[in-house]
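Visitor: Sharing a structure here in C-alpha cells format.
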C-alpha cells in the first residue's frame, strides 16, 4: 500500500524549529524586529513527492536544520495529486499568519509569517493550479505561444523580446 504522511498541526513544529535555531544562535540578528519568512515548496523524486518549508531567518540557508518536511506521498507533482494528498497541509499553511517563538534574551515573541512559493517551474505551477509549461508555450509566468518548426518558427533573431505578454495568474 502506498503511504502518505503529513503534519496535522503545523504551528508547533514550525515554532519548535525556529526556537531550536534561536537557541543555537542560528537565527539572523535582530529577529525581534523582523517578520519570519518561509518558503513553501516541494520536489518529486522517483515515485515520491515531498513538501517542505524552508526558513529564511537562519544564518546559513543551506543548513538542513532550517528545513521542515511537511509531508510526502507516492504520486505525481501535479495539482490534482497535491490537492488529494496535501490539501490539509496547504490549508494549514494558508491559515498560518504568525508563529510564537521563545527566543533567549527576548522571551516569547509573536512574529508575522511571510510565505512564498519556492521550487522548480513544474512544482510552482502545480501549487497554483497554473497550466504546465510545454514545448509551444514554455513560460510559466507569461502566456507566450510560438512554434518551433515550419516557416513561422521563432528564432532568437525573430523573437519579439521588445513585447510584454499577458501574465499567467491564479
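Visitor: Tell me yes or no: at least one residue of the range 101-122 is assigned by TED's automatic domain parsing to the domain that holds residue 54 and in a helix (DSSP H, G or I).
Guide: yes
Visitor: Here is a follow-up. Does the range 14-35 include one or more residues that are modelled with pLDDT of 75 or more, in a strand (DSSP E or B), touching a strand residue (DSSP E or B) at 6+ places or on another chain (Cβ under 8 Å) and surrounded by 13 or more Cβ atoms within 10 Å (Cβ to Cβ)?
Guide: No, because not a single residue in the range 14-35 is modelled with pLDDT of 75 or more, in a strand (DSSP E or B), touching a strand residue (DSSP E or B) at 6+ places or on another chain (Cβ under 8 Å) and surrounded by 13 or more Cβ atoms within 10 Å (Cβ to Cβ).
Visitor: Can you find a residue in the range 79-95 that is in a loop (DSSP other than H, G, I, E, B), surrounded by 12 or more Cβ atoms within 10 Å (Cβ to Cβ) and touching a strand residue (DSSP E or B) at 6+ places or on another chain (Cβ under 9 Å)?
Guide: no
Visitor: Between 65, 61, which is surrounded by fewer than 15 Cβ atoms within 10 Å (Cβ to Cβ), at pLDDT below 80 and touching a helix residue (DSSP H, G or I) at 6+ places or on another chain (Cβ under 8 Å)?
Guide: Step by step, each of 65, 61 is checked, and only 65 is surrounded by fewer than 15 Cβ atoms within 10 Å (Cβ to Cβ), at pLDDT below 80 and touching a helix residue (DSSP H, G or I) at 6+ places or on another chain (Cβ under 8 Å).
Visitor: Out of the residues in the range 96-123 that are within 13 Å of residue 51 (Cα to Cα) and modelled with pLDDT of 85 or more, which is surrounded by the fewest Cβ atoms within 10 Å (Cβ to Cβ)?
Guide: Taking the range 96-123 and keeping what is within 13 Å of residue 51 (Cα to Cα), we get 117-120, 123.
Then drop every residue that is not modelled with pLDDT of 85 or more, which leaves 117-118, 123.
Details: 117: 13, 118: 17, 123: 20.
Result: 117.
Visitor: Looking at this structure, is residue 54 within 16 Å of the chain's Cα centre (by Cα), farther than 15 Å from residue 3 by Cα, assigned to a strand (DSSP E or B) and in contact (Cβ under 8 Å) with a residue 24 or more places away in the chain? If you could, list the steps in order and put the result at the bottom.
Guide: On the way: within 16 Å of the chain's Cα centre (by Cα): yes; farther than 15 Å from residue 3 by Cα: yes; assigned to a strand (DSSP E or B): yes; in contact (Cβ under 8 Å) with a residue 24 or more places away in the chain: yes.
So residue 54 passes the test.
The values are calculated or read from the model by the stated rules, or taken from the named source; none is laboratory data. Given the structure is predicted, the values throughout are model-derived calculations rather than measurements. Backbone-built Cβ (ideal geometry, glycine too); neighbour counts: all protein chains shown.
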